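Single-structure report; data block below.
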Amino acid sequence: MSTRTSAPTRREQILNEAARLFAERGFHGVGVDEIGAAVGISGPGLYRHFPGKDAMLAELLVGISERLLSGGRLRVEDAAAGPQALLASLIDGHIDFALDDRPLITLHDRELDRLRESDRKLVRQLQRQYVELWVAVVRDLHRDVPESEARAAVHAVFGLLNSTPHLGSYGSGLPGREATQTLLRRLAHGAFASLGDEVRTDGRADGRTAV
C-alpha cells in the first residue's frame, strides 16, 4: 500500500495481491487458491491469515478508508504554514494514493456493495469524515465560498484524482508516474483555485477570487 514504507508483511502481501486480482477479474472471478499462488503459499494456508475472501475485501476497503483519514488528520496536525500549504499537502497525499493504489479505487467502485452492512457503513462514515476534513481546509482558504460549494468541489477533485484506473498503464495511456503526478497536482490546484470566480455567460472568469 502507498501509505506503508517498510517491507510488507505476509498479510499485507496477501491483501495487495487480492486487491490486484479482484480489480482485474472481479471478486467472484478469483479463487482463494489463486490468491495464495500469487504470494507463494497454498490456498488453505491463507486461512491462517483470513477466514475467507469476504474478510479480505472488508479489510481492503475499510483499511484504505482508515488510512486516508488518519493520513489526512496527521497532515492537519503537522500543518504550520497556513491553509494553502495544508491543501497542497492533502492533494499530494491523495495523489500518492490515486497513483499507487489504483486497484483499490476499482475495487471500491465495483465491490463496495458486497461488504456486510456494518462494514459498508463504516467505510461511508470514514469517507464522510475525510471529505469534511478537506472541506474545512478549503473553506479556511476560500472563506466566502458556501459550505455546499466547497463540499461539491472536494467531491469533484476526488473524482478527478480517482480517475487513474481509467487512464491506462504507464507508457500507454499514462505518462510516467512523475509526469502524471505533476498533471494531477496542477489540475487539482486549478479546480480549487477557481472557487469564488464569477464565470460569465461566455465561459470566461472575471478574475475575482475569494480569499
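The values are calculated or read from the model by the stated rules, or taken from the named source; none is laboratory data. Note that the coordinates shown come from a computational prediction; the quantities given were computed from them, not determined experimentally. So basically every Cβ, Gly included, is an ideal-geometry build from the backbone, and we count neighbours across all protein chains shown. For accessibility, only protein heavy atoms count, side chains too; no ligands or nucleic acids. Shrake-Rupley method; radii C 1.70, N 1.55, O 1.52, S 1.80 Å.
Things to note:
- Gain on full extension, evaluated as 0.36 nm per residue between ARG177 and ARG143 minus their Cα-Cα distance, stands at 8.9 nm.
- In nm, spacing of pseudo-spin labels at GLN129 and ASP92 (7 Å Cα→C-beta vector): 2.5 nm
- Computed [θ] at 222 nm, helices only, for the chain once each DSSP H run of length n ≥ 4 contributes -39500 (n - 2.57): -21500 deg cm²/dmol
- Placing R0 at 25 angstrom, the Cβ-Cβ distance between TYR47 and LYS121 gives a FRET efficiency of 0.40 after rounding to 0.05.
- Label-point separation, LEU74 to HIS28 (7 Å along Cα→Cβ), nm: 3.8 nm
- The stretch between ALA38 and ARG11 holds 8.5 nm of extra length on full extension. This uses 0.36 nm per residue minus the Cα-Cα distance.
- Relative contact order, whole percent, for region 30-158 stands at 25, derived from Cα pairs under 8 Å and 6 or more residues apart.
- Test item: Cα-centred dipole of the chain, Lys/Arg +1 and Asp/Glu -1 on Cβ, debye: 240 debye
- Projecting the Cα atoms of HIS28, VAL145, ALA193 onto the charge dipole of the chain (Cβ charges, centred on the Cα centre) puts HIS28 farthest toward the positive pole.
- Accessible area of the chain belonging to carbon and sulfur atoms, whole % at 1.4 Å probe: 51 percent
- Accessible surface, per residue, of region 1-160 when the full set of protein chains is kept, probe 1.4 Å, Å²: 50 Å²
- On Cα atoms only, tilt of 147-161 relative to the major axis of the chain in degrees: 50 degrees
- Against the chain, whose longest principal axis comes from its Cα atoms, helix 177-193 is set at around 40 degrees.
- Seen against the Cα atoms of the chain and their longest principal axis, helix 10-25 is set at about 80 degrees.
- Here the contact order of region 1-77, divided by its residue count and restricted to Cα pairs under 8 Å and six or more residues apart, works out to 24 percent.
- Identified option (computed volume of the Cα convex hull per residue in Å³; candidates [x] 151; [y] 357; [z] 124): [x]
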